[in-house]
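Before any comments, here is the structure.
Just so it is clear, none of the values below were taken in a lab; they were calculated from the coordinates. Remember, it's a predicted structure, so these values are computed and weren't measured experimentally.
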Amino acid sequence: MQNPRNFMHPRPGDSRMFRSDTDNSSAPARRIMLAKIIREQVVGRQAELVAMLRKHGHAATQSSVSRDLRELGVAKLGDRYVLPDASSLPNGDFSTLKQFVTAQFTAGSNLTILKTAVGSAQSVAVAIDTAHWPEVVGTISGDDTIFIATVGPAEQTKLRQRLRSIFGR
């Protein structure tokens, strides 16, 4: 038996390598395969994606797939995952995402909240993050809600105007 303090370290002579699905060297290949699966098949559950990725030889867990979906800007439309059509969208073009935003609110002087259709918040948040708006400090998204942080009230006002002009809400 190993010393409990060294349980994560291989024993001398043990050739096994401990490798996690969050290892950055495997994430790009896994994301490419994930995008291919979503493009070619109707998939509606993360568990299905995990199984398909593993079948293709990629280490995957529900949490790694969830991160990958967020990074790829994948949305859930009805009962299936869909990729954004990045080739037809110039950076900052929110026209295809407009249909997913349902409401806009504020909470305090530097937090703006967007409500979206179920499963769409991550795609909208990724678009906001990649737009690099100077008034946005960062976003946090759930399934149908996005929290957008700004430095203060003036930046929040500018953000609300920008969001209203884009999403009409």
(request) Determine which lysines satisfy two conditions relative to residue 158: a Cα distance under 20 Å, and not lying fewer than 8 residues away in the same chain. (result) 98, 115
(request) In whole angstrom, note down how far apart the Cα centers of the stretch 102-143 and the stretch 36-57 are. (result) 27
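Hey, what D do you get for the stretch 98-167 in µm²/s if you plug the Kirkwood alpha-carbon radius into Stokes-Einstein at 37 °C and 0.692 mPa s? All intermediate terms of the calculation are to be shown ahead of the outcome.
Working: Rh = 11.7 Å.
Approximately 281 µm²/s, per Stokes-Einstein.
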(request) Compute the length gained on full extension between residue 66 and residue 40: take 0.36 nm times their separation in residues and subtract their Cα-Cα distance, giving the result in nm to one decimal. (result) 7.5 nm
